[in-house]
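Comments concern the structure below.
The values are calculated or read from the model by the stated rules, or taken from the named source; none is laboratory data. Being a predicted model, the structure only gives us computed values, none of them experimental. Heads up, the Cβs are rebuilt from the backbone with ideal geometry, glycines too, and the neighbour counts pull from every protein chain shown.
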Amino acid sequence: MSTGSTRGAGTREDPWTLSTPPGKSEYQAYRDEVLPPEISARVSVEAASTIGWDRYVGATGEKIGMHGFGASAPIADLLKKFGFTREAVLAAARRQFARA
């Protein structure tokens, strides 16, 4: 999800645009600015595989995304199966806030 603006992209003001900066030495500081370590309530929503998102949501965060391949059904059924619904995302966020 992007705001369409490059102003503040990848910052706390626009956390939707998460990208890795060019220098590896800057990565941890950048990551801590975008995803403050003191905030552990995290949910990722990825239209593809959830592989790799654990590094951003942490051990206690929730990942919503495809967790299997080869599913064939009407799109509405697949969206529900993999948790791409407003209700599922809100429920994950509420669980994270309750745990934090």
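Details
- For the range 36-72, filtered to residues that are at pLDDT 90 or above and among the aliphatic types (A, V, I, L, M), the residue that is farthest from ARG95 (Cα to Cα) is ILE51.
- Being on the phi > 0 side of the Ramachandran plot and at pLDDT below 90 is a description that does not apply to GLY23.
- Output for the range 32-51, where each listed residue is of a type outside the set (Val, Ile, Thr) and either closer than 28 Å to ARG86 by Cβ or outside any helix (DSSP H, G or I) (or both): LEU35, PRO36, PRO37, GLU38, SER40, ALA41, ARG42, SER44, GLU46, ALA47, ALA48, SER49
- If only residues of the range 30-42 that are touching a Pro at 6+ places or on another chain (Cβ under 9 Å) and among the hydrophobic types (A, V, I, L, M, F, W, C) are counted, the one that is nearest to GLU62 (Cα to Cα) is LEU35.
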